[in-house]
Each structure stands twice: as C-alpha cells, then as structure tokens.
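What follows is one structure encoded as structure tokens, with my remarks underneath.
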Amino acid sequence: MAQLKKMDCQIVIKTPAEKFYNTFRTKSHLIPKMSNGLMIDGKLLQGDWNTVGCVRLWSYVSEGKSEMVKEILENVDDENKTMVFKMVEGQILNYYKSWRSIFDITPMGEGSLVKWTMEFEKQNENIPDPDKYISYMMCLTKNIDAYLLDA
C-alpha cells in the first residue's frame, strides 16, 4: 500500500525574503518571464491570481520535455511567508496519486532561505522518488533570484 512521503530541498538566495515571497504571492503571473525558459506560460483558470482557491495552469520544461500542471493555491500564510499548492492535473499525476508543494521562505542576513517541501504518494512502489521535480524547483528558484537581482 502506498503512503504519503515528503522530500524537501532548500537553497540560500541573495534576494530579500519579502521581495522573493511577494513574487510568488502577488506577481506569480510574471514567473514565466523570470524563469529563464523553465516556465513557458501560466494561465489563470479560476479565481484571481492571489486568492486561496484559485486554479492555475502552468506549462513548463523539465529535462528538455514540455509538461503542464494544473494547481490550486490551497493555503497562504503571509506572516510566515508560506504557500501550499495542490496539483490536480498534469504529467506529474501519471506517477503520483497526490502532490502538494509547500513554499517557505525565511529571511537570512540580506538574503533568504527558500525551502520547497514536496508531499506525494506514488502510484506504485516502482515509481522513483521525484528527484527531477526537486531539481526543477531548485533551478526555478535560482533563475527567479537572478532575475530579481538584475531588476
């Protein structure tokens, strides 16, 4: 029987926590522009970009292949700079029965510590751990950091 698993990754960036968090919180529609080609497009399907319960469709490139994912912004904690995204459609769900990404950012000196936690349940025990998605989130974080530092 499959069980819920967690994997996380963290990275120190140079962008201040408030600025980086606000990119995801209030300017997520601009992430494709900031991603240096990793995120192709984002579309709002329901609600507005910044409201819990909104539904967004993202097209992105992972390991050289185009993929898409439909997500629901499930929870926001502005005080602790945390957001939770639930994946409801897309290639990722071919391998995982359920998937949540938790974005958490903490001030660290002049920069920030960004932590991504992935909660997932594999379709079966032969499915590998989601290392490619962990790598993707690390690259996306680095690319957005670089963009914000140049802006």
Environment charge of Val84, counting only residues whose C-beta is closer than 11 Å and scoring Lys/Arg +1, Asp/Glu -1: -3
Cβ-defined net charge surrounding Glu119, 9 Å radius [Lys, Arg +1; Asp, Glu -1]: +2
Nearest 10 degrees, 0 to 90: helix 17-26 Cα axis against the chain principal axis: 60
Solvent-accessible area per residue for segment 2-148 (1.4 angstrom probe, square angstrom): 51
Dipole in debye (nearest 20) - the chain, about Cα centre, beta carbon charges: Lys, Arg +1; Asp, Glu -1: 220
Full-stretch length increase - Ser135, Leu113 - with 0.36 nm per residue and alpha-carbon distance subtracted: 6.3 nm
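Over 31 Å between C-alpha atoms is what I'm after, so list which of Lys19/Lys97; Lys19/Lys122; Lys19/Lys43 land there.
Lys19/Lys97; Lys19/Lys122, as the Cα separations exceed 31 Å there.
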Cross-link partners of Lys132 among aspartates and glutamates (Cα-Cα below 13 Å; sequence separation of 8 or more within a chain): Asp8, Glu63, Glu67
Of all accessible heavy-atom area on segment 49-127, the percent that carbon and sulfur account for (1.4 Å): 45
Computed helical MRE - 222 nm, the chain, DSSP H runs ≥ 4 contributing -39500 (n - 2.57), nearest 500: -7000 deg cm²/dmol
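The values are calculated or read from the model by the stated rules, or taken from the named source; none is laboratory data. As the structure is a prediction and not an experimental result, all values here were calculated from the model. A quick note on method: Cβ atoms are made from the backbone with ideal geometry, for glycine too, and the neighbour counts reach across all protein chains shown. For accessibility, only protein heavy atoms count, side chains too; no ligands or nucleic acids. Shrake-Rupley method; radii C 1.70, N 1.55, O 1.52, S 1.80 Å.
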